[in-house]
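Novice: Take a look at the following structure, please.
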Amino acid sequence: VNDAFSCSHRDHASITGVTKYLPSFFGLHLIREINALEDVLVDPKKPVASIIGGSKVSSKINIIYNLIEKMDYIIIGGAMANTFILAMGNKIGKSLFEMDALKIANEILEHGKINNCKFLLPEDVVISKSLEDYSKTLTVDVNSIPHNMMALDIGIKTINNIKTIIDKCKTLLWNGPLGAFEITPYDIGTNEIAKIVSQNTKEKKLVSVAGGGDTISALNKSGVTSNFSYVSTAGGAFLKWLEGKKLPGILAINR
C-alpha cells in the first residue's frame, strides 16, 4: 500500500519496484491528496486562480506554463515577481532577480494573453536597503524603487488587488510565499492574503489547496493552515504534479 504521495515522484524500489511482485494499492491519504489536486487542476469550480511565489522564475517555468492553460488568474509574488517587473521595463534597484529569465518572463506573459489567463503582478512593494534592515521600510510603486533599495514584500495596493481576485474565485491553488515571510515586517503580504483565503474557505466560498515547503511554513506562521481545504506536505512530488508530470509511483499502481 503506497500512502506516500510525497515519495511518489521517485522511481525507487519501495515505490515502483515492489508493485511488480505484490498486489499493490493506493492508501487513503494518497487518494485524498490526488482528489484535492484534481479538484484544482482537472475539474475546478470556476473562476480558478493560482498564487505562485518564491525566489526563482526558472524553478517554476514548467509549472506556470502548465497552469496558464488551466487558470483564469495567476498571481505572481515573492522575489520571482522582480524578474517580471524588470522584464516589463521597470527599474528594481537592488532587488533579487534572474537575468537569464527575463526573456522567459515576457514569453510567459504573452502566453497568458493567448490563453486568456490574466496575470497579476505587484503594483507596489515594500522596500528596504537590505533584508536585515527592517527598521526602515517604505512602500512604493514598482516603477519608483530607488537604485540602492530592494523589494521584499508586496504593498497594500497589491494586497487589495489580490483580495479582489480571490473574492471573485471559487477555487485557489497556492505555491510559494509573496515576500520574505521569515522576517517581520516582510510577512505582512503573505499573512494578509492567507487570512482572506482562510476566511473565504471557512465561509464555503472557496476551495483552497496549498503545498510546498516554504508555503506550509508561511501558512503555519500566519496561523491559518488548518482552515485551508487541503494542504499538501509533499515537496518535489507536489511540484511535479503541478508541472503536469505523471508520477512513477502513481503509474506503477495504475498498471
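Novice: Residues of region 170-225 being more than 28 Å from Ser130 (Cα to Cα), outside any helix (DSSP H, G or I) and among the β-branched types (Val, Ile, Thr), which ones? Before you say what the answer is, go through the steps one by one.
Specialist: Let us first name the residues in region 170-225 that are more than 28 Å from Ser130 (Cα to Cα), namely 170-173, 196-211, 224-225.
So of that shortlist, the ones also outside any helix (DSSP H, G or I) come out as 170-173, 203-211, 224.
Residues satisfying the conditions are Thr171, Val207, Val209, Val224.
Novice: Scan region 78-134 for residues that are of a type in the set (Asp, Glu) and assigned to a loop (DSSP other than H, G, I, E, B) and jot them down. So that I can check it myself, show each step before the final result.
Specialist: First, pick out the residues of region 78-134 that are of a type in the set (Asp, Glu): 98, 100, 107, 110, 123-124, 132-133.
Once the filter is applied, which keeps residues that are of a type in the set (Asp, Glu) and assigned to a loop (DSSP other than H, G, I, E, B), region 78-134 yields Glu98, Glu123, Glu132, Asp133.
Novice: Restricting attention to region 199-251, which residues are among the small types (Gly, Ala, Ser), within 14 Å of the chain's Cα centre (by Cα) and open to solvent by 40 Å² or more (accessible area, probe 1.4 Å)?
Specialist: Step one: list which residues in region 199-251 are among the small types (Gly, Ala, Ser), which gives 208, 210-213, 217-218, 222-223, 226, 229, 232, 234-237, 244, 249.
From what is left, the residues that are within 14 Å of the chain's Cα centre (by Cα) are 208, 210-213, 217-218, 232, 234-236.
Selection gives Gly213, Ser217.
Novice: Within the bounds of region 8-31, is there any residue that is open to solvent by less than 70 Å² (accessible area, probe 1.4 Å), under 20 Å from Thr190 (Cβ atoms), not hydrophobic (A, V, I, L, M, F, W, C) and not in a helix (DSSP H, G or I)?
Specialist: No.
Novice: Continuing with this model, one more query. Under 8 Å between Cβ atoms, at least 6 apart or on separate chains: pull out the pairs that start in region 130-145 with a residue that is closer than 14 Å to Pro185 by Cβ and end on any residue that is surrounded by 13 or more Cβ atoms within 10 Å (Cβ to Cβ) and hydroxyl-bearing (Ser, Thr, Tyr).
Specialist: Leu131/Tyr186; Tyr134/Ser128; Tyr134/Tyr186; Lys136/Ser128; Thr137/Ser128; Leu138/Ser128
Novice: Kindly evaluate Gly176 against the criterion of being on the phi > 0 side of the Ramachandran plot, touching a strand residue (DSSP E or B) at 6+ places or on another chain (Cβ under 6 Å) and crowded, with 20+ Cβ neighbours inside 10 Å.
Specialist: Values: on the phi > 0 side of the Ramachandran plot: yes; touching a strand residue (DSSP E or B) at 6+ places or on another chain (Cβ under 6 Å): yes; crowded, with 20+ Cβ neighbours inside 10 Å: yes.
In short, yes.
Novice: In addition: May I ask you to list pairs of residues, at least six apart or on different chains, whose Cβ atoms are under 7 Å apart, with the first in region 36-47 being touching a residue at least 40 places away in the same chain (Cβ under 8 Å) and the second being of a type in the set (Asp, Glu)?
Specialist: Matching pairs, first to second residue: Lys46/Asp72; Pro47/Asp72.
The values are calculated or read from the model by the stated rules, or taken from the named source; none is laboratory data. Given the structure is predicted, the values throughout are model-derived calculations rather than measurements. Neighbour counts run over all protein chains shown; Cβ positions are idealised from the backbone, glycine included. The accessibility values were calculated without ligands, DNA or RNA, using every heavy atom of the protein model including side chains. Shrake-Rupley method; radii C 1.70, N 1.55, O 1.52, S 1.80 Å.
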